[in-house]
Amino acid sequence: MKNKYKIYAGILWVVVIWFLWMLWANYLKYQKDLEIKQEKLAQTETIWEAYFAGWCFWCVESGFEKYKDEWVIDVISWYAGWNTINPTYREVWTGETWHRESVKVVYDTSKIQYEDLLQIFWRLVNPTDNEGQYVDRGFTYTTAIFYQTPEQKEAAETSKKELSASGRYGDKEVITPIIPYTNFYEAEDYHQDFYIKSPIRYTTYTNASGRKEYLESIWWENIHYQIPGE
């Protein structure tokens, strides 16, 4: 009988030890998962989005993607507007939907600041033209800065004032509107990274637009914005 109790006691101790080990293993796993979640949360807190419109989104996208990988995470072509839900390129191209060709810039605030993105944007557009950009005319191609937070709004307004006071545009007024983020719809796949997918068409289009000559006349000394620490 005593041997029987010893066996039961041994089994009980094994169960208790196994149970305690499982509790400890689950605790360690919980702590590890918590650390991973905290790391992801910290990373997410530094990932932000910025939205700009200025001429054809092919060109604005390629302009921001020059800073990709090291400073900018991704750049995506979008339609910004409110008249039509999920518009097609053909609908937007007519100008009847009142959408602007725009881009979403995904960036890491630990590497590049919103103020830097504004400086890059100014070097891609003519902010004094309220009827389009370069060879493309109409509302679809007009410039705009879409803010999502009071901080982005303040930064954009400050940057615009400084640009206006710089004298780069002579007596012309910097008219690019700074407006709240509203409705954005991602453009079709064939528009994404168009300058990579169709380099000949893209190059022909941009070379004939007069954009390069115009921007070089305005930003002749630093057309490629230098990121602090670059």
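The numbers here are math on the coordinates, done by the rules we state, and not lab data. Nothing here was measured: the structure is a model prediction, and the numbers come from that model. FYI the Cβ positions are ideal-geometry reconstructions off the backbone, even for glycines, and counts take in every protein chain you see.
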Quiz prompt | Tyr214-Ile73 pseudo-label distance in nm [points 7 Å out on the Cα-to-Cβ vector] | solution = 3.2
Quiz item: Over segment 95-170, what lengths in whole Å, largest first, do the semi-axes of the equivalent ellipsoid take, defined as the square roots of 5 times the eigenvalues of the alpha-carbon gyration tensor?
Solution: 22, 17, 11
Quiz item: Could you put Arg211, Arg123 in order, starting from the residue whose Cβ has the fewest other Cβ atoms within 10 Å?
Solution: Arg123, Arg211
Quiz item: Listed highest first by mean packing, meaning other Cβ atoms within 10 Å per residue, what order do 198-209, 106-117, 70-81, 213-224 come in?
Solution: 70-81, 106-117, 198-209, 213-224
Quiz item: How long is the gain from Trp13 to His224 if the chain were fully straight, where each residue apart is worth 0.36 nm and the alpha carbon distance is subtracted?
Solution: 68.8 nm
Practice problem: Just check segment 47-218 against the gyration tensor rule for me: Cα atoms, a ≥ b ≥ c as the square roots of the eigenvalues, rounded for a/c under 1.5, and otherwise prolate or oblate depending on whether a/b exceeds b/c. | Solution: rounded
Quiz prompt | Cα-projected label distance for Gln119 with Ile179, points at 7 Å along beta-carbon direction, nm | solution = 2.8
Quiz item: Summing Lys, Arg as +1 and Asp, Glu as -1, what charge do residues with Cβ under 15 Å from the Cβ of Thr94 carry, Thr94 excluded?
Solution: -1
Exercise. Using label points projected 7 Å from each Cα along Cα→Cβ, tell me how many nm separate Glu45 and Asp189, to one decimal.
Key: 3.8
Exercise. Distance between Cα centroids, segment 133-190 to segment 115-130: provide it in whole Å.
Key: 7
Exercise. Please find the FRET efficiency linking Tyr89 to Ser110, where r is the Cβ-Cβ separation and R0 is fixed at 41 Å, and quote it to the nearest 0.05.
Key: 0.70
Quiz item: Quick one: Kirkwood hydrodynamic radius for segment 47-90, alpha-carbon pairs, angstrom, one decimal?
Solution: 11.9
Quiz prompt | Those residues of segment 114-145 whose amide nitrogen sits under 17 Å from the label point placed on Glu157, 7 Å along Cα→Cβ | solution = 115, 145
